[in-house]
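The values are calculated or read from the model by the stated rules, or taken from the named source; none is laboratory data. What you see is a predicted model; the values in this text were computed from it and never measured. Methodologically, a virtual Cβ is constructed for each residue, glycine included, from the backbone with ideal geometry; neighbour enumeration extends over all protein chains shown. All accessible areas refer to the heavy atoms of the entire protein, side chains included, with ligands and DNA or RNA removed. Shrake-Rupley method; radii C 1.70, N 1.55, O 1.52, S 1.80 Å.
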Amino acid sequence: GFFKLKLDNEIENGELILINSIGQKVYEQKISYGENTIMTHGLNKGLYHCVLSQNKQKIPIGKLIVE
């Protein structure tokens, strides 16, 4: 599957990072202003923490459940 992430503000050196329940980084993708398509087809089922990174500063933005 996939989901879309829309950023309404300009972002420099943006990345979306998904972290699994044991704290491992399992996905990383460059993102930018506007709509970004995030592919999740390679992820195992479970709960992931979503973190937005801008210029190496990390901001938790929510959780994602892959079914």
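Per the conditions (1) open to solvent by less than 50 Å² (accessible area, probe 1.4 Å); (2) of a type in the set (S, T, N, Q); (3) on the phi > 0 side of the Ramachandran plot, the sole criterion not satisfied by ASN36 is (3). Just checking, how many residues over the stretch 7-24 are of a type in the set (A, V, I, L, M, F, W, C) and more than 23 Å from ILE65 (Cβ to Cβ)? Adding up the residues that qualify gives 1. Considering (1) open to solvent by less than 80 Å² (accessible area, probe 1.4 Å); (2) out of contact with any Phe, Trp or Tyr (no Cβ under 8 Å at 6 or more places or on another chain), the lone condition that PHE2 does not fulfil carries the number (1). Taking the stretch 15-47 on its own, how many of its residues are of a type in the set (Ser, Thr, Tyr) and closer than 14 Å to PHE2 by Cβ? Matching residues across the stretch 15-47 total 3. Can you tell me which residue in the stretch 49-67 is modelled with the highest pLDDT, limited to those that are β-branched (Val, Ile, Thr) and open to solvent by 80 Å² or more (accessible area, probe 1.4 Å)? Of everything passing the filter in the stretch 49-67, ILE65 is modelled with the highest pLDDT. Have a look at GLY42, GLY46 and point out the one that is open to solvent by less than 30 Å² (accessible area, probe 1.4 Å) and more than 10 Å from the chain's Cα centre (by Cα). Answer to the check: GLY46.
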